[in-house]
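First the structure, in the form of structure tokens, and then the observations on it.
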Amino acid sequence: MDMKKTVFLFLLLCAVVLHGTAAYGASEEPEEPEELRQLYAQSAVLMDGDTSRVLYEKNGHEFMPMASTTKVMTCILAVENASGEEIVQVSAYAASMPDVQLNIREGEEYHLKDLLYSLMLQSHNDSAVAIAEHVGGSVEGFAAMMNEKAKEIGCENTHFVTPNGLDASDEGGAHGTTAADLARIMSYAIRNEDFLRITQTRAYSFSDVEGSRSFSLHNANALLDMMAGAISGKTGFTNAAGYCYVGAVRQDDKTFIVALLACGWPSHKNYKWIDTRKLITYGMRHYAYQEVRKLPDLGAVAVEDGIPADRGWADSAYVNVRVKRPEEVLRVLMREDEKIRVEKEYPAAMKAPVKKGTQVGKIRYILDGLVLKEYPVVTAGTIERADYAWCCERVFGKYFHGAV
């Protein structure tokens, strides 16, 4: 090989290496925020409660046990599929659940709404099974409902086996979720007023249907009294899962969801409150609502076989297209350094006839891969199809225009 070829190949190799390094550098993750570098949780997510957009994550898509945070799904499913006044009869299986228990007994009857308070305020495992058997016909039937709901609301890596979060597996795999999916479930649940009313209650008392036994409950979600704007939450713990938590805070018209998995083991029960406060504080400081008012200029689209709007002698017809957007202003919770991308989808050409106001496409406002809003693109005018009469008029006008 001569010297010229050797030098050429060497320079080519250098160029390839440098190009690959530049591409890698361009795709690096943004630097982790200073205030979130010391989180205790092995998996954590901060989410915008209105759009379910993940604002920050630490191993947020890693599948892990979720303990009693499971009961958020149990509660919202029961609220959506049954009346609180329905009577629940306790089975032997429900009564056999391990601590934490309400200590209900086989054959006793309770109103469903009372067991929901037991479920969410003090995380009773026996109440969870009694609810599941009543609403789903069996624990297995209810688990199928849980998994179907998880898919419906967009969870990507969640599998429910039990209604109480006790560690278990079935043919579908282990009971577990990700911090991102858990936050999404809470984001969905807090849109239900009945769910909010239950989870915001500080203390609750009730009796069985016969009135022979009475119970008093106190809410274990300490965040309700620790942080202004706390509106819901659920704690959890098993030996496999460690301490877990999912909660929602609403301040200054912003709603944040925090989900924490494996946030310490005994004797570190309070780590979850420290992490939650850090994440909420970060969200409040760095995210604010920005208004998107300006609409993109879409211009005109060629119309094949169309008569120009002025019925002139142009070779082509064009129709303007515009975004049909309601009067509402698009408000987006975002950092100052984030930018919204507008994705346009409409044809480069259409066939006549075209009627004014016809939807021909759409535009999407996208932030961090999430479609925030989608609006129709419509025609701003009418273009008629070039018929035989117009063609004759055009031909005679071209060759005889100005003749005496």
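The values are calculated or read from the model by the stated rules, or taken from the named source; none is laboratory data. The structure presented is a predicted model; accordingly, all values stated were derived computationally and were not measured. Cβ: placed from backbone, ideal geometry, glycine included. Neighbour counts: every protein chain shown. All accessible areas refer to the heavy atoms of the entire protein, side chains included, with ligands and DNA or RNA removed. Shrake-Rupley method; radii C 1.70, N 1.55, O 1.52, S 1.80 Å.
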Going by the conditions given, is residue 165 in contact with a helix residue (DSSP H, G or I) (Cβ under 6 Å, 6 or more places away or on another chain) and over 17 Å from residue 61 (Cα atoms)? yes
Every residue in segment 168-177 that is buried (at least 19 other Cβ atoms within 10 Å of the Cβ) and out of contact with any helix residue (DSSP H, G or I) (no Cβ under 9 Å at 6 or more places or on another chain), please. 176
Would you confirm whether any residue within segment 73-92 is closer than 19 Å to residue 219 by Cβ, open to solvent by 10 Å² or more (accessible area, probe 1.4 Å) and among the hydrophobic types (A, V, I, L, M, F, W, C)? yes
Checked pairs for segment 289-307, first in contact (Cβ under 8 Å) with a residue 40 or more places away in the chain and over 17 Å from residue 373 (Cα atoms), second among the hydroxyl-bearing types (Ser, Thr, Tyr) and not in a loop (DSSP other than H, G, I, E, B), C-beta under 7 Å and 6 or more apart or across chains, list as 301/318; 302/318; 303/318
Any hit, segment 154-173, residues being in a strand (DSSP E or B), at positive phi and of a type outside the set (A, V, I, L, M, F, W, C): yes
Matching residues, segment 125-159, being closer than 17 Å to residue 97 by Cα and either open to solvent by 50 Å² or more (accessible area, probe 1.4 Å) or in contact (Cβ under 8 Å) with a residue 40 or more places away in the chain (or both): 125, 128, 130, 131, 132, 133, 134, 139, 140, 142
Name the one entry in 298, 367, 372 that is in contact with a strand residue (DSSP E or B) (Cβ under 6 Å, 6 or more places away or on another chain), of a type outside the set (S, T, N, Q) and closer than 30 Å to residue 233 by Cα. 372
Among (1) modelled with pLDDT of 90 or more; (2) on the phi > 0 side of the Ramachandran plot; (3) of a type in the set (Lys, Arg) - the single one residue 311 does not satisfy: (1)
Give the residue that is least open to solvent (accessible area, probe 1.4 Å), with candidates limited to residues of segment 102-117 that are farther than 21 Å from residue 77 by Cα and not basic (Lys, Arg). 104
Output the strands (runs of 3 or more DSSP E) that fall wholly within segment 198-271 and possess 1 or more residues being over 18 Å from residue 113 (Cα atoms) and open to solvent by 30 Å² or more (accessible area, probe 1.4 Å), or say none. 230-238, 242-251
